[in-house]
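K.L.:
Sharing a structure here in structure tokens format.
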Amino acid sequence: MKKILLSIIFISALSIQAGHHEKANDAKSVVKQAYATFAAGDTEAWAALHADDLIFTVFGDIPTSGKHLGPSAVIKNVFEPIATHWPNFNIQHKAIYSDGNMVFVHSNMTADGLDTETLHMFRVEGGIIQSFTAFDDTGSMAAAVVK
């Protein structure tokens, strides 16, 4: 009886853990889609992956810094300045990690005069990105700004 009970507990634990990974993969999938729409310049598809009350935070003192609320503010205050201040901007992922609804993306960022790394943190709820925080090397980014 003890062996049967332990087997049931073990199988239950595996089932719970398996579900946890599926949710993490869903969150990862949404984040990957967001990067793909950004890279394609499809701001409409990008916005559809984000909550209307999205909180998008960029630290430091660069043209994109601040706490931007909503997809429209991000497009205007982050995406447009990226194209202006860092020509040929590109982001290549080194690794994507997740823990439940939190996704962390370690990437290389390059542009004319820029070659650095970043870590981005996303919170995904119900298949929609609720928040984003960029932990960028703002010193390197500031030095590479085209005015």
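Where a number appears in this text, it was derived from the coordinates with a stated rule and is not lab data. Every value quoted in this text rests on a predicted model; they were computed, and no experiment measured them. Please note: Cβ atoms are built from the backbone with ideal geometry, for glycine as well, and neighbour counts cover all protein chains shown.
K.L.:
Quick one: if the Förster radius is 35 Å, what FRET efficiency do Thr84 and Glu125 give, using the C-beta to C-beta distance and rounding to 0.05?
P.N.:
Working: r = 32 Å, r/R0 = 0.92.
Here the calculated transfer efficiency is 0.65.
K.L.:
Here is a follow-up. Using Cβ contacts closer than 10 Å as the measure, can you line up Tyr35, Tyr97 from fewest to most? Don't jump to the answer; show the numbers that get you there.
P.N.:
Details: Tyr35 17, Tyr97 13.
The fewest-first ordering by Cβ neighbours comes to Tyr97, Tyr35.
K.L.:
Within a 10 angstrom radius of the beta carbon, how do Val124, Val145, Val30, Val103 rank from fewest other beta carbons to most? All intermediate terms of the calculation are to be shown ahead of the outcome.
P.N.:
Working: Val124 27, Val145 15, Val30 20, Val103 24.
With the sparsest Cβ surroundings first, the list reads Val145, Val30, Val103, Val124.
K.L.:
Hey, another quick one. As a quick test, which of the pairs Lys32/Lys147; Lys28/Lys147; Lys32/Lys76 have an alpha carbon distance above 27 angstrom in this structure? Each step should come with its number before you reach the end.
P.N.:
Numbers: Lys32/Lys147 31 Å; Lys28/Lys147 35 Å; Lys32/Lys76 21 Å.
Pairs exceeding the cut-off: Lys32/Lys147; Lys28/Lys147.
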